[in-house]
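All remarks here apply to the structure that follows.
Every read-out reported here was derived from the displayed coordinates using simple, explicitly stated rules and does not represent laboratory data. Everything numeric here is computed off the predicted structure, so don't read it as measured data. Using ideal geometry, Cβ is built from the backbone for each residue, glycine included, and neighbour counts are taken over all protein chains shown.
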């Protein structure tokens, strides 16, 4: 066994446990191919960024994994409901920016680590910004944000420049369940390829809300979507304002009384309106640590990591803790027709009698698209543009025309874009059903 | 009555307290009852070695608000601690590690009481155990010394305290939960996909009446009424029709069920703008799950068949209620009705009526069970109706944890049990190899046990493997060892490089899992592992063993 590189005395002592492992090949790495002497120096230089609700856990873990140059991006401010798991924050911090408070805390606690906070959205930066990092770790709380960073990193990656390929390590949790996955942009399955693993929740039909409610949730959604719109008690709905939630709660309660439905509570109202996902420290610990474990292995090469390219090599770990403990670690295959990283256009089953408007609306609920404001071009011609306003006005008449009338035929390729995913073109090949 | 002024936003009535707001995200998992159980919990951590995994576990218990924790740790903080343990900082150098940990962990949640030990040379673990208020659960980490381990095992036996062993070294970890005797869980929180008990094949008079009234002239109902028949009613109607033309029997084979399903599909009206009826779609989709004869769920069967020692009056209430449910089952051939009805397309009024019919039957059944339970318990003891209700709602999903296997199964915790599990795992591996399934993680568990047996940081691959062999004793054939040797050897080699040190990520991950399990045990909600979980940080996988 080779011994860890000689470092200033206290540094060597401090990082003894980490260095014993990361500078030695262990049993699953070819000792001929492994150079333990450069690991520490290399990792010192790695720039890594973490973001999202798992942020506290990720920062702690990365700092104690030997990373020295960490950036954290988070637009959120601290809320009291974060305190049961986002452990870098205290009561006195409520209202402050998460990125800033978290960065300060970890820098104070773990000496020698530099953490640069950015109090903004990940979408506020462009490719040039992200070029500076070697690894990206995400614990974001929305599919949109994940798809955005995925598309950005895939677009950036080019085979001419190996440095442009940044491993993306992504984690997410919900109650006792979660997943951790590693994406090597262009080299394997990406977030977009894996969209089918997160089916959008079916919305309650409008007629149920409007005339035949049966569950307390229906009464709440009615208050949220119909009553609020009609009565406009405040100019803009602020889901974090207890006054607004109370208004919705009271309205939902009245409606429930009218239909003899029980079960409307303040807590349920909040949950439905804000789409609250239960969360605890324990599951967040598991998933964030799984992600950072992969980051350490990728950075040091001291052990095989999730996402290793190759036949049958797993890249995705699913975790479930409500009934015993189960993990399912498998390889999610890259999709040839992935709009982001694939080569071919995705087949889209459509009815030629659909109007363009119906086609456009279908993109929102289509599991493999999930686009809320799509613009469509076909074979060089612009069919409908959401923006800018003058182009929208110009193309609006097309909305009422059927696909047939617009000259689309079997096999026509259409190109769809969406403002949530700048720089990404979703290519579909039409198949008439 | 005072008039409510409608154009003024009402004051925030019944708004959540600060504590409810803080704990909101977790209350949605275990509700106020679970939270109350957590807040009465008193947890002891006996810490040792690199000292991180137990601390990470505590963090995940303090944040959700356990009542109290105590850390017993003989170490003084040294430089190596600062490179792995988040809850120590530069100012702690040379100080008692327990003290610093208690302080920095305590900051996480002001509602939680924290203490530490030893404060003086005379404060042994034994004396701490003697003078402390009763511990709800105790966890300890390797390399705990054997004298302290013995005190814990003694205490656990005497006070029936759950004891959790945790070992995290390098890329590997495991933890084992030793529960005092059999552990029943009623509130298992089954997945949404678990079948709701609608009793379509054995409807009771009120339900039959309701369905008959709604479908009396089904074909002459207008499109609105027809399209809003609840699918429960649709299925009951067509099941009746099937019975009439099939000698009084229900669809039972797969072929018959698919035939029946088609019958239901064909009954949907298509002369409408949608070209079909959503409620009939729902009915067809529900056939395979709901047109199924009753069979006693295995968890409940185990409860009914469990052989007790001693009179029933001395057992925990769970068993008294279980016996009452058994009587109900014997008398009626069915379980008490849980009473919940899934959402379905229907008019609000009709749906609520249907719901009430199910709720009324459920209440009636629960009342019968309560009466029986009270009779069994005798006059000196009150049976809580709420407990009976919970059991009746969850009867199909109750689970027993920590049952000693009958017959040939060696006692849990014994050497023989270890060998039995090993043989089974090696046999599974032979199949797994052929079917490209993942290999067993049991060699990891053995290697960590072996490392603890060696007891020191300079243990190398050979020493670890030898220690495992002595743990297993010599009952294994050299052929069986042959298989194990290679797998064990790799793990031992990877383990040895860590020199008994912890990697923060592995300890943080393990700390998450252990805390989750302890929460399940304390709240008695969700299903705990039974009883050992191993984590492989090389391949990012877990596996649970019953050792």
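Tabulated values for the structure
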quantity	calculated
Packing-based ranking, highest mean first, of B:535-541, B:443-449, B:90-96, A:331-337 given that Cβ atoms within 10 Å are counted	B:443-449, B:535-541, A:331-337, B:90-96
Chain A - mean residue ellipticity at 222 nm from DSSP helices (-39,500 (n - 2.57) per run, n ≥ 4, rounded to 500)	-9000 deg cm²/dmol
Sites residue A:344 and residue A:121 - FRET efficiency at Förster radius 35 Å, r taken between beta-carbons, to 0.05	0.65
Among beta bridges that DSSP assigns inside chain B, antiparallel share in %, nearest 5	50
Among beta bridges that DSSP assigns inside chain A, antiparallel share in %, nearest 5	55
Burial order of peptide ranges B:199-212, A:218-231 (average beta-carbon count within 10 Å, highest first)	A:218-231, B:199-212
Gain upon complete extension [residue B:220, residue B:193; 0.36 nm per residue less C-alpha separation]	6.2 nm
Residue B:36/residue A:254 FRET efficiency (R0 41 Å; Cβ-Cβ; nearest 0.05)	0.80
Estimated inter-spin distance, residue A:391 and residue B:256, nm [label 7 Å along Cα→Cβ]	6.3
Whole-angstrom gap from region B:148-221 to region B:373-439, using each part's C-alpha centre	12
Centroid-to-centroid separation of region A:211-258 and region A:307-364 [C-alpha atoms, Å]	35
Helix axis angle, B:415-435 relative to chain B longest principal axis, alpha carbon, degrees	60
Exercise: per-residue mean of other protein chain Cβ atoms within 10 Å, B:29-42	1
Rounded to 5, percent antiparallel among DSSP beta bridges of the protein assembly as shown	55
Residue order, fewest to most beta carbons within 10 Å, for A:187, A:317	A:187, A:317
Simple label model, 7 Å out from Cα along Cβ direction - residue B:209 to residue B:486, nm	7.2
At R0 = 60 Å, FRET efficiency that the Cβ-Cβ distance of residue B:433 and residue B:304 yields, to 0.05	0.90
Highest to lowest packing among A:157-164, A:96-103, B:356-363, scored as the average C-beta count within 10 Å	A:96-103, B:356-363, A:157-164
Nitroxide proxy distance, nm - points 7 Å out along Cα→Cβ at residue A:111 and residue A:318	4.6
Overall form of region A:322-432 per C-alpha gyration tensor (a/c, 1.5; a/b vs b/c)	prolate
Shape of the protein assembly as shown, Cα gyration tensor, a/c cut at 1.5	oblate
Exercise: per-residue mean of other protein chain Cβ atoms within 10 Å, A:245-254	2
Helix-only [θ]222 nm of chain B, DSSP H runs n ≥ 4, -39500 (n - 2.57) each, per residue, nearest 500	-15500 deg cm²/dmol
Potential extension, residue A:132-residue A:361 segment - 0.36 nm per residue separation minus Cα distance	78.6 nm
Within a Gaussian network of chain A (alpha carbon springs, distance under 10 Å), most fluctuating of A:183, A:122, A:325	A:325
Averaged over A:21-34, number of beta-carbon atoms from partner chains that fall within 10 Å	4
Three-way shape label, region B:156-200, alpha-carbon gyration tensor, a/c 1.5	oblate
